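Q: Let me begin by handing over the structure; questions about it come next.
The values are calculated or read from the model by the stated rules, or taken from the named source; none is laboratory data. These numbers were taken from a predicted model, which means no experiment stands behind them. Neighbour counts are summed over all protein chains in view; Cβ atoms, including those assigned to glycine, are modelled from backbone coordinates with ideal geometry. These area figures cover heavy atoms from the full protein model, side chains too; ligands, DNA and RNA do not enter into them. Shrake-Rupley method; radii C 1.70, N 1.55, O 1.52, S 1.80 Å.
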Amino acid sequence: MSRIAYVNGAYVPHSDAMVHVEDRGYQFADGVYEVCEIRHGVIVDLTRHLDRLGRSLGELRIDWPMSRAALAQVIRRVARMNHVKNGMFYLQVTRGVAKRDHVFPKAGTRPSIVVTAKSTDPKIIAAKNAKGLKAITVPDNRWERVDIKTVGLLPNAMARQAAKEQGAQEAIYVDRDGNVTEGAATNVWMVDADGALVTRPAEHGILRGITRTTLQDVAARLGVEIRERKFSVEEMKASREVFITAATSICFPIVEIDGHAVGNGHPGSMSQKIREAFFDIAEKTSI
Ligand code: PDD
């Protein structure tokens, strides 16, 4: 079955989906994106993802490529056309095509928009969840505006690659004070000695993950306390349980960090409980 992508107004075969060589996303990473889970044939937390898209666009002063309602229709259609029951959609908006110049192009330049969707295998995600992942820690060498979900992901790609080369699946960023910020493409959580969930405040230094936000609703439902505060690498390594969250996977347990086992070296019960409750509580939009 051939995949279909939406590119600047047209639904085209994925293999022919292209943007111009002078797209500012290509030349300056001048664009933003969203990744959103599709599960059991529904889109998970679409409202919050579109809210964040609006915020990212606003922070960079990029116009919406179309109305929010029209964009939701495009997303649903791309998901349908690709027969995605379990998987994700990806959307990217850039400042558009213009002669290469660092300053913004003239007002009225049309933003570029791309939407794709793909299926993922729930069995592979379940297997990863059962086994747990390994992580390494790396210095956080990104720019200060990591609260904006931009396509400027070179440091993140390099960190993930470093993790891979060390036999791990995620790189956890550490700030100059030795505190954990977030993963290369995930938010990081630990369970403290009281059984409370600890995660870094999202005001500065991390992306405010949508999974992170919905997990706050899940924790409230489960009666689990969340403590938003900074925590050090040492504290994380000595904690009962560590897990990471992202829209693509809800949460994955981290069983080893920098070669040291977390807890008893097996996936903890908290991430399991959260994963089980998450889908019921998250917003669901039919495709
Ligand atoms: N990444 N932090 C970073 C740096 C991320 O790139 C992501 C998501 C998150 C989690 O955000 P959310 O819960 O909204 O997915 C945190 C996506 C999945 C990606 O780049 O593929």
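Q: Just to make sure I understand: if all protein chains stay in place, what is the order of Lys230, Lys237 by accessible area at 1.4 Å, largest first? The partial results should precede the final answer.
A: Working: Lys230 105, Lys237 65 Å².
So the residues, ranked largest to smallest area, are Lys230, Lys237.
Q: Please report the relative contact order for segment 4-120, taking Cα pairs under 8 Å with a sequence separation of at least 6, and give it as a percent rounded to a whole number.
A: Values: 197 pairs, mean separation 42.9, N = 117.
The value is 37 percent.
Q: In deg cm²/dmol, rounded to 500, what helix-only [θ] at 222 nm does the chain give when every DSSP H run of at least 4 residues adds -39500 (n - 2.57) and the total is split over its residues? Don't skip to the answer; put the middle values down first.
A: Details: 8 runs with 87 residues, N = 287.
After summing the helix terms and dividing by residue count, I get -9000 deg cm²/dmol.
Q: Which of rounded, prolate or oblate describes segment 125-286 when judged by the alpha-carbon gyration tensor and an a/c cut-off of 1.5?
A: Working: a/c = 1.35, a/b = 1.17, b/c = 1.15.
Taking the square roots of the gyration eigenvalues as a ≥ b ≥ c, segment 125-286 is rounded.
Q: Oh, and also: Taking the Cα of Asp258, stepping 7 Å toward and past its beta carbon, and measuring to each backbone N in segment 179-202: which are under 15 Å?
A: Only 179-182 pass the distance filter.
Q: So for the chain, averaging the separation of alpha carbon pairs under 8 Å that are six or more residues apart and normalising by length, what relative contact order in percent results? List each step's numbers first, then the result.
A: Details: 570 pairs, mean separation 57.0, N = 287.
Worked out over the chain, it gives 20 percent.
Q: Whenever you get a sec, compute what percent of the accessible area on the chain sits on carbon and sulfur atoms (1.4 Å probe).
A: On the way: 7180 of 13810 Å².
Here it works out to 52 percent.
Q: Now for a separate question. How far apart, in nm, are two points set 7 Å out from the Cα along the Cα-to-Cβ line at Ile124 and at Ala29?
A: It is 2.5 nm.
Q: Quick one: of Lys134/Lys230; Lys123/Lys230; Lys128/Lys230, which pairs are farther than 31 Å apart, Cα to Cα? Don't jump to the answer; show the numbers that get you there.
A: On the way: Lys134/Lys230 22 Å; Lys123/Lys230 34 Å; Lys128/Lys230 27 Å.
Flagged as over cut-off: Lys123/Lys230.
Q: Rank these residues by their accessible area, most exposed first, probe 1.4 Å: Trp64, Trp189, Trp143.
A: Working: Trp64 90, Trp189 0, Trp143 135 Å².
The ordering from most to least exposed comes out as Trp143, Trp64, Trp189.
Q: With labels modelled as points extended 7 Å from the Cα through the Cβ direction, what inter-label distance (nm, one decimal) is found for Arg61 paired with Asp16?
A: If labels sit at Arg61 and Asp16, their model points lie 3.8 nm apart.
Q: Separate question: In the full protein assembly as shown, how much of Tyr6 is accessible to a 1.4 Å probe, in Å² to the nearest 10?
A: Surface open to solvent at Tyr6 totals about 20 Å².
Q: Further question: What's the long-distance tail for segment 84-174, i.e. % of Cα pairs beyond 22 Å?
A: Working: 2194 of 4095 pairs.
Considering segment 84-174, 54 percent of its Cα-Cα pairs are separated by more than 22 Å.
Q: Based on the Kirkwood radius over alpha-carbon pairs, what is the Stokes-Einstein translational diffusion coefficient of the chain at 25 °C with 0.890 mPa s viscosity, in µm²/s? Don't skip to the answer; put the middle values down first.
A: Details: Rh = 19.8 Å.
Using the Kirkwood radius from Cα pairs, D works out to 124 µm²/s.
Q: In Å², and per residue, what accessible area does segment 36-123 have when probed at 1.4 Å with the other protein chains present? List each step's numbers first, then the result.
A: On the way: 4360 Å² over 88 residues.
Ligands and nucleic acids excluded, the result is 50 Å² per residue.
Q: Nearest 20 debye, what's the magnitude of the dipole of the chain about its Cα centre given +1 on Lys and Arg Cβ and -1 on Asp and Glu Cβ?
A: Details: 40 positive and 34 negative charges, 200 e Å.
With Lys and Arg at +1 and Asp and Glu at -1, about 960 debye.
Q: If I histogram all Cα-Cα distances within segment 4-120 using bins 5 Å wide from 0, what percent of pairs lands in each bin?
A: Answer for segment 4-120: a P(r) of 2, 12, 23, 23, 20, 13, 6, 2, 1 percent.
Q: For the chain, with the dipole built from +1 on Lys and Arg beta-carbon atoms and -1 on Asp and Glu ones, taken about the Cα centre, which of Gly178, Thr120, Thr109 lies farthest toward the positive end?
A: It is Thr109.
Q: How long is the gain from Gln216 to Ser269 if the chain were fully straight, where each residue apart is worth 0.36 nm and the alpha carbon distance is subtracted?
A: Details: separation 53, 0.36 × 53 = 19.08 nm, distance 1.71 nm.
Net length gain for the segment: 17.4 nm.
Q: Take every Cα pair under 8 Å in segment 125-286 that's 6+ residues apart, average their separations, divide by the length, and report that relative contact order as a whole percent. The partial results should precede the final answer.
A: On the way: 297 pairs, mean separation 40.5, N = 162.
Once divided by the residue count of segment 125-286, the mean separation gives 25 percent.
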